[in-house]
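The structure under discussion appears below in the form of structure tokens.
The values are calculated or read from the model by the stated rules, or taken from the named source; none is laboratory data. Only a predicted model underlies this, so the values are computations on that prediction, with no experimental measurement involved. Cβ: placed from backbone, ideal geometry, glycine included. Neighbour counts: every protein chain shown. Side chains are part of the model used for accessible areas, which takes the heavy atoms of the whole protein and leaves out ligands, DNA and RNA. Shrake-Rupley method; radii C 1.70, N 1.55, O 1.52, S 1.80 Å.
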Amino acid sequence: MVNKRRQAQWPEELITNMGYSGRRAHIPQLVDVPRTNLPDGWQRKNPANLPEVSELELVRHIVRLSQMNHGVDVGEYPLGSCTMKYNPKVNERIARFDNYAAMHPDAPEMAMQGNLEIIYRLQEALKIITGFDGVSVQPAAGAQGEYVGMLITKAFHELNGEGHRNKVLVPDSAHGTNPASAAMAGYKVVELPSDANGFVDLEILKAALDENVAAFMITNPNTLGIFEPQILEICELVHGFGALNYLDGANFNGIVGMVRPSDMGFDIMHLNMHKTFSGPHGGGGPGCGPVGVVDKLVKFLPKPMIAHDEKRDYYYLDNDRPHSIGRVHGYFGNFGIILRTLAYIYRNGGPGLRAVCQSAVLNANYLMEKVSQIKGFSVPFAKDMPRKHEFIASPTKLLKDTGVTAGDIAKAMLDYGVHSPTIYFPLIVKEAMMIEPTEAETRDSLDKIYEVIKEIAEKAYENGDLVHQMPLLTSKGRLDEFALAKDPVLSHKFTDKQSD
Ligand SMILES: *Cc1c(COP(=O)(O)O)cnc(C)c1O
């Protein structure tokens with residue numbers, strides 16, 4: 001059966017009582033810069049209460065923390081919609097090259113030609129991959145890309161004298177960031193119920209469209225992992241009312257290299273470099289969420305754009321953009337991620353990216369077939385349609401038979417060294433478990449994910465109480481979610497042993 005992995009368990013004592021006054025990891029050399037005092041208001045009244053530790057203590061602490069965590073370098077990570085693919089180590093080496101890592105962002109344009117060329121090349125590569133006419137790599141995440149897309153939508157309609165358009169249509173299967181971005185940009189959000197297969201219902205869309213709609217935001221492949229079969233009709237309908245089509249490109253791994261969003265009729269989209277293009281997710285940031293647009297919207301993109309003067313072979317910051325929505329990030333966006341993702345794109349090339357997509361889709365469908373046969377599980381919606389990069393399993397029968405929920409299964413999986421799928425999203429599926437294995441997993445790994453879920457389901461039928469208590473082998477056991485949300489401990493107080 002499946003090998004269980006026992007994680008390092010460390011006594012709390014060891015962590016809270018670390019350090020001793022005067023202990024040091026590193027004693028910096030004295031410098032000959034004259035000493036000055038900070039202005040009055042800037043000085044601390046009391047010294048910060050920080051643990052003072054030796055280098056060895058510090059290393060052990062950090063490594064211990066890393067062992068308490070699950071990561072894609074440790075085990076399978078089928079977190080649906082997040083595309084937790086392997087982050088190739090060669091990208092990390094490239095990102096550490098001094099020419100890139102040590103460049104000061106305030107350096108003169110002339111001195112950072114290489115860095116600007118990297119950004120320019122990513123803009124150009126993404127134009128080819130998506131089919132759009134302009135791309136900005138400034139936004140720091142998908143959600144910020146959405147917001148930028150909404151600001152562009154607003155600027156476009158206002159310039160056309162159609163500032164009265166005040167509504168954005170969003171299907172009920174959308175990621176929560178979609179309605180949030182539209183609302184932040186000042187739009188009224190209209191939620192559209194999906195049809196029985198989880199698709200956009202054309203009749204409902206038609207009924208919702210009018211002269212006040214600014215844009216339609218949609219995720220394709222959708223959050224069920226299925227390509228919207230009527231995407232061309234949908235985009236045409238929306239255009240018929242003078243509104244723009246926005247594509248949430250978080251699921252691009254399911255179509256990258258196979259089809260271009262511009263050909264489907266989209267006007268704006270964001271991509272998630274930390275999903276499709278192997279940027280590390282890195283604890284919430286820094287990320288990169290480029291925005292691509294059709295010709296008529298290029299002038300609204302954030303500034304500066306990185307431009308290239310072919311005659312002089314010179315890269316420059318194009319700030320001469322009077323219709324731009326403005327700057328949305330300091331300097332040029334998160335350069336480290338821009339560099340890593342360009343390296344990923346160049347290493348794969350066009351055919352390579354297509355192969356990435358094909359493997360991701362094959363892996364998802366292989367695993368779906370197996371998981372759908374587990375007792376207590378089903379794969380709801382669009383029964384006979386293949387999925388793209390992910391699928392949703394639903395253990396509603398298991399819940400009815402045993403009282404074990406999707407949340408219980410998710411937690412129990414950690415005992416087997418496999419991260420949970422995304423659960424309870426999308427909201428249109430009961431007990432949703434959104435599983436995305438990515439192209440990076442081998443068949444052995446796919447079989448392991450299946451075996452783990454199957455074993456937990458079998459345990460549920462034998463002894464539901466046991467599953468309610470899992471995980472039992474992780475460094476932290478089951479946490480009290482309610483207490484965590486109500487009374488979170490957000491800082492750590494170290495005990496100072498000086499007085500001992
Ligand atoms: C991840 C995701 C987003 C948000 O992207 P971030 O980069 O996390 O801000 C939006 N929509 C969908 C469908 C997603 O999966």
* To do: Would you point out which residue out of Glu451, Glu436 is open to solvent by less than 30 Å² (accessible area, probe 1.4 Å) and not hydrophobic (A, V, I, L, M, F, W, C)?
  => Glu436
* Asked: Would you say Val59 is away from the ligand (no atom under 16 Å from the Cβ) and either touching a residue at least 40 places away in the same chain (Cβ under 8 Å) or part of a loop (DSSP other than H, G, I, E, B) (or both)?
  -> no
* To do: Output the number of residues of the stretch 181-193 satisfying the condition of being within 16 Å of the ligand (Cβ to nearest atom) and either surrounded by fewer than 16 Cβ atoms within 10 Å (Cβ to Cβ) or farther than 30 Å from Ala155 by Cβ (or both).
  => 3
* Asked: What is the number of the single condition among (1) out of contact with any Ser or Thr (no Cβ under 6 Å at 6 or more places or on another chain); (2) closer than 27 Å to Leu427 by Cβ; (3) surrounded by fewer than 24 Cβ atoms within 10 Å (Cβ to Cβ) that Ala143 does not meet?
  -> (1)
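Taking the condition away from the ligand (no atom under 15 Å from the Cβ) and polar (S, T, N, Q), does Asn220 pass?
Details: away from the ligand (no atom under 15 Å from the Cβ): no; polar (S, T, N, Q): yes.
Taking the combined requirement at face value, the residue does not satisfy it.
Confirm whether Tyr77 is away from the ligand (no atom under 16 Å from the Cβ) and hydroxyl-bearing (Ser, Thr, Tyr).
Details: away from the ligand (no atom under 16 Å from the Cβ): no; hydroxyl-bearing (Ser, Thr, Tyr): yes.
So Tyr77 fails the test.
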* Asked: Restricting attention to the stretch 12-32, does a residue exist that is in contact with a Phe, Trp or Tyr (Cβ under 6 Å, 6 or more places away or on another chain), part of a helix (DSSP H, G or I) and surrounded by 10 or more Cβ atoms within 10 Å (Cβ to Cβ)?
  -> no
* Asked: What is the number of the single condition among (1) among the aliphatic types (A, V, I, L, M); (2) open to solvent by 50 Å² or more (accessible area, probe 1.4 Å); (3) farther than 30 Å from Asp195 by Cβ that Ala343 does not meet?
  -> (2)
* Which residues, counting only those in the stretch 92-109, are exposed (fewer than 10 other Cβ atoms within 10 Å of the Cβ) and out of contact with any helix residue (DSSP H, G or I) (no Cβ under 9 Å at 6 or more places or on another chain)? -> Asp98, Ala102, Asp106, Pro108
* Would you mind stating whether Asp408 is among the acidic types (Asp, Glu) and open to solvent by less than 60 Å² (accessible area, probe 1.4 Å)? => yes
* Asked: Taking the condition buried (at least 24 other Cβ atoms within 10 Å of the Cβ), in contact with a His (Cβ under 9 Å, 6 or more places away or on another chain) and not hydrophobic (A, V, I, L, M, F, W, C), does Thr223 pass?
  -> yes
* To do: Run down Pro386, Pro426, Pro380, Pro351 and say which single residue is open to solvent by less than 10 Å² (accessible area, probe 1.4 Å) and either assigned to a loop (DSSP other than H, G, I, E, B) or under 22 Å from Gly249 (Cα atoms) (or both).
  => Pro426
* Test Asn87 against the criterion of being open to solvent by 50 Å² or more (accessible area, probe 1.4 Å) and either within 30 Å of Val361 (Cβ to Cβ) or acidic (Asp, Glu) (or both), and give yes or no. => no
* Cβ pairs under 7 Å, 6+ apart, first in the stretch 222-242 and in contact (Cβ under 8 Å) with a residue 24 or more places away in the chain, second in a helix (DSSP H, G or I) and within 16 Å of the ligand (Cβ to nearest atom) -> Gly225/Gly254; Gly225/Ala364
* Check Gly257, Gly282, Gly265 and return the single one that is modelled with pLDDT under 95 and open to solvent by 10 Å² or more (accessible area, probe 1.4 Å). => Gly282
* Unmet criterion (only one of (1) touching a Ser or Thr at 6+ places or on another chain (Cβ under 8 Å); (2) open to solvent by 10 Å² or more (accessible area, probe 1.4 Å)) for Lys400 -> (1)
* Complete set of residues in the stretch 1-33 that are of a type in the set (Asp, Glu) and modelled with pLDDT under 85 -> Glu12, Glu13
